[in-house]
Structure formats: structure tokens, C-alpha cells
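Q: My questions all concern the structure below.
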Amino acid sequence: MPGLTETDIIAALREVMDPELHRSIVDLNMVRDLLISDGTVQFTLALTVPDCPLRDQLTEDARNVVKRLPGVKDVVITLSAMSDAERAAVLGQGGQIPPPTTPPFNHIGRVIAVASGKGGVGKSSVTALLAVALARAKYRVGILDADVTGPSIPRLFGLRDSPRMSMMGMLPPQTGLGIKIMSINLLLPSEDEAVIWRGPIVSQVIQQFWNEVVWGDLDYLLVDLPPGTSDAPLTVMQSLPLDGMILVTTPQELAAMVVRKARRMAETMNTPILGIVENMSAFVCPTCGTRYELFGPSHAHEIADAPLLARLRLLPELARMGDAGSIELISLPELDAAAASLVQLEPVPTTAA
């Protein structure tokens, strides 16, 4: 291929990071048997283990960075696995992936992810309201906004201050109730600024929010995940010592079906399910008190064998207060009860299907 060399291919592949080990696949010696012939680039990707749950993500990332190079017509990737000796050399003594660690300046009791299969179900609002309920119950709470390309947590709390810097790292701004928050929107010149980043960069930002933010002493850190099952949720499950996950859904079967995908992702990554929150379960007429199930009957019981923490009504004032940055002024008995039960919950073990 004129003008294209093995050096060009290796340089491109050096951008691809292993989400578990946080190192380039080139530096990990995962790229092998590279051939360039008539517009087709072929190479072998040697995984640390044959059944690596992130193999599809790694393959897709590698294919995409090579296809961006001028003159590349096709990319053929063959998967293989490292030998025991190679894996031990890469991963260290025993050949095991090192568990996520907490920076020494942070002391966090429980780290809980809040996830949904699709957007528009109110996941960020539920994250914020759970944090408010826990803070009102006198727990020390933080929110890590991992929805890097669609951050909304700062707006819900009316936060605009940028994080301050210290010798140890970034100091997250705090809300009126003392909830510590870190979000990419707090680092942008304007909250309307678009974040147009590829998966590996988004993953690095999430890891920085964990490793380089001075959370200090927290009882709970809630992690607002982006919807779906892509790079960012996988990064959280691999990089943060999660104690469990809360799934947010709405009543209709479509939402439940997509949230089941998030549940299966949690199962694959051995992340326990703590419970389910069903949002927009019904609308109660403020005049006559009649209850209307606008999105049909509940399907929450079909999602996972886990506690139903709350069923939240459609509340127009919730949208108004959230837009105004006043979500801390909202008090929902259902979420107060969910927070109280969350404190008592033991994680529901998950087993990959």
C-alpha cells in the first residue's frame, strides 16, 4: 500500500486502550502478525484471556482507528489469546487483572452506579433525588457524572462553579446540602458546549474523575452512567470498585426490554443489582385523584430478581424544579423510602447468563 507503513498502523493502534489495564494494546503486546496488502490491513489481537468480556469493544476500537487511515479499504482482525507466561508478564504475579483501587486521599463507603438501557427514562433525575434523600438522612454523598457526552447533573443542582485545584487533585463543588459533584460540564466554558469525543477519551475522563478528584470522606458515591452498554459503562464497571447497580426504567415493555440489556451487562461484569426504580409509573390527576397509567402497566418485575425500590409518579413540578436547578427542594416520600431501604440492602449476586 503506497505511503502506508507498519509504523503508521502501530501508531494508530497505540490510541486504543485496554479498559481493564488502562494501557495501550500496543504496549501490552496484543497486536501481532501485522500484514498490509492491497488496501487490506490484517493483524492478530492477542487477548489476555480467550473469553475476555471486552473483546468486541477492543476489536471495534482497533478496527475504527485503522480504517481512518488514508488508503485503508478493509481491516481483518483475528482474535487469539496470550499464553499463561505472556499473561503473567502483562498482568503481574498470578496473571490476574488487578482489582480497582481507591486513591489514598479518598475514603468512600459504598460506590453505586445508576444505569438505564435507554435515554429519557429519568436516570439522572433519579440519581439526583436519591443523593438528596441520602443527604437529608445525614449521609455524606457525592455524585460522579459519568454521562460525559450528555451531562445534566450540574444543571439539576444549579451548580456552575468550576472545581478548585489542590495539591492532591480537583476539589468537587458542593450543593446546598453538601453533595459533592464532579461533571464534565463543570469544566467546560459553557454548559451548552458539545463534547465530541471518542470512546477511549471518554473512558479516560471517567477514570480521572475517580483517580484525580478529592472526594474525601463519603458514605455514598453515586455514579450516573450514560444510557446503553458502550465504553463508558464498561469503564465504570472495570475501573471503579462498585458495590452494586440500580436500574432505572419506565413502565412500557420497550423500556424494560432495553434495561434488561443493561442487566445482562451487569451480569457479564459481575456487578450486583441492588434494586430497580420505575419512573413515570402513572399520572395522578391533582383535581380528582384518578390514577392514569400513561405508559401502560408496569414491567419492572420482569427486569431482574431484585427489590423494586420505588415507583415514581409523573410530576410536572419535578421537571420545572430540575430546570431551575432547585432539585434539592423536592421531597418525594417514595425516594426517601428507597434511600432508607438502600442503606439496609445486601447486593443481589448476578451470574452471567
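Q: Show the residue pairs that are 6+ apart or on different chains and have beta-carbon atoms under 8 Å apart, the first residue being within the stretch 39-60 and in contact (Cβ under 8 Å) with a residue 12 or more places away in the chain, the second being part of a helix (DSSP H, G or I) and small (Gly, Ala, Ser).
A: If the second residue must be part of a helix (DSSP H, G or I) and small (Gly, Ala, Ser), the pairs left are LEU45/ALA62; GLN57/GLY199.
Q: Does PRO227 qualify as being touching a strand residue (DSSP E or B) at 6+ places or on another chain (Cβ under 9 Å), assigned by TED's automatic domain parsing to the domain that holds MET165, under 25 Å from ALA340 (Cα atoms) and part of a loop (DSSP other than H, G, I, E, B)? Show your work before the answer.
A: Details: touching a strand residue (DSSP E or B) at 6+ places or on another chain (Cβ under 9 Å): yes; assigned by TED's automatic domain parsing to the domain that holds MET165: yes; under 25 Å from ALA340 (Cα atoms): no; part of a loop (DSSP other than H, G, I, E, B): yes.
Criteria not met by PRO227.
Q: If we keep just the residues of the stretch 272-320 that are among the acidic types (Asp, Glu) and under 20 Å from LEU332 (Cβ atoms), which is surrounded by the fewest Cβ atoms within 10 Å (Cβ to Cβ)? Quick ask: steps written out before the conclusion?
A: Taking the stretch 272-320 as the starting set, the residues that turn out to be among the acidic types (Asp, Glu) are 278, 293, 302, 305, 317.
From what is left, the residues that are under 20 Å from LEU332 (Cβ atoms) are 278, 293, 317.
On the way: GLU278: 29, GLU293: 13, GLU317: 10.
The residue in question is GLU317.
Q: Residues that are among the acidic types (Asp, Glu) and assigned by TED's automatic domain parsing to the domain that holds GLY119: which strands (runs of 3 or more DSSP E) entirely in the stretch 233-338 hold 1 or more of them? Write out each step before concluding.
A: Details: elements: 244-249, 273-278, 308-311.
Answer list for the stretch 233-338: 273-278.
The values are calculated or read from the model by the stated rules, or taken from the named source; none is laboratory data. As the structure is a computational prediction, the values presented were derived from the model and not from experiment. When we count neighbours, we look across all protein chains shown, and the Cβ atoms used for this are built from the backbone with ideal geometry, even at glycine.
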